[in-house]
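The values are calculated or read from the model by the stated rules, or taken from the named source; none is laboratory data. These numbers come from a predicted model, not from an experiment. So basically every Cβ, Gly included, is an ideal-geometry build from the backbone, and we count neighbours across all protein chains shown.
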Amino acid sequence: MHKYIVQRREEDAKAQVIRAEGDGIAAELVANATMEYGSALVTLRKLEAAKEIAQELQGSPNVTFLSGNTLNMLNIPAGGRSGMGL
């Protein structure tokens, strides 16, 4: 039993090293692409992240989506703060 636990921890450690190396390579690729093609890749990643977040939140009954125009109609500043201590 102890041998199994030790082997499992060793494999987990190896997996973490491999993940970290992969993340490093990915970061290098993103940096190179940004230098070569500009910030379009970063913008694309932001849009993908926003889409994933919206998909997660749409299933929650406690979330309401307001458009920018709705915020203007309610006289709520874009930062969500008003002069009334909100």
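Things to note:
- Test: residue in the stretch 70-77 that is in contact with a Ser or Thr (Cβ under 9 Å, 6 or more places away or on another chain) and either surrounded by 10 or more Cβ atoms within 10 Å (Cβ to Cβ) or modelled with pLDDT of 90 or more (or both): yes
- So residue 29, is it surrounded by 10 or more Cβ atoms within 10 Å (Cβ to Cβ), among the aliphatic types (A, V, I, L, M) and at pLDDT 90 or above: yes
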